[in-house]
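Below is one structure, written out as structure tokens; comments come after it.
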Amino acid sequence: MPYRNNSQDISAILSYKSGLMAEIIARDDRFLMSPQNDFAFKVLFGSEESKDLLSSLLSSITGVSCTDITLKNPFLLRNYPLEKEGILDIKLTTGNGDQFFIEMQAERQRAIHKRMLFYWARLHGSQPIKGNNSGSLSRTTSICILGHPWFQGDEPVFCFHALERECFEQVCDDFSLMFMQVGNSNSDKGVSYKNDLWAWRIFLGANTEEEMIMAAQASEAVNEAYNRLIVKSQEPELREYYEAREMWIIDQAIRENEARKEGREEGKEGRKETLN
């Protein structure tokens, strides 16, 4: 790869790698994927066999029961080579017709809220309108699980609706953007100790297997996810794709850093020319 002969780029890789966490620190020498990698997240939650885990996670985040899930884009390994440079999200509908878009976002992005709004609009607008009845459109929610602190508050889940600016009346309940902070956000504010929401946040933000075990002991669903993660982590083909995804994300971060650096240098040169 082109960055291997550049000491600054190697430094950037190591810095980014430590922030992204390539794998969980396991109790023994076995390899254990991190669910903060969006490929691992989709492997764990985005397949037909994982709908029970996805139901538990969504119900914990939203505070309402999310059952009878139908996946719009289930994980299929044969499709992954075509998707490896895209967003590995999960799209679904529940039994009452509600639509959800959910993704794991480990790396920092300044415009993550705008991206989530864009994907909400695209998913909501993809619904067929029955006749001319726009009232037939289903409620749509975008959920982003953040592997880093992004909001100043320490609430476990941040939920945004469209409200009137003076009286805060909600125009409709069809629009929701939700964010759950994990990783460095370890506050227990608003979360009963060892309920499912607490356990999912600990599990998804874990740096060590001990943290995962602690979360698994608090929730049957998280315990199932932990055991499934162990099994999936030992599959050679999944590990190969997992590590390829890690390197692609790192490459993206390096390219963005280089672009910002070039932009700053061009700005400095422009100011010098103006002064001269």
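Every read-out reported here was derived from the displayed coordinates using simple, explicitly stated rules and does not represent laboratory data. Please read all numbers here as calculations on a predicted model, not as lab measurements. Reconstructed Cβ throughout: ideal geometry from the backbone, glycine too, with neighbour counts over all protein chains shown.
Observations, loosely collected:
- For segment 28-41, the Karplus equation 6.51 cos²θ - 1.76 cosθ + 1.60, evaluated at θ = phi - 60°, returns couplings of 10, 8, 6, 8, 9, 5, 9, x, 6, 7, 5, 5, 4, 4 Hz by residue, with Gly and Pro reported as x.
- Cross-link pairs beyond the 30 Å C-alpha cut-off, checked among Lys42/Lys114; Lys51/Lys114; Lys42/Lys261; Lys72/Lys114; Lys91/Lys130: Lys42/Lys261
- Taking Met104, Met214, Met178 and counting other C-beta atoms within 10 Å, the order from fewest to most: Met214, Met178, Met104
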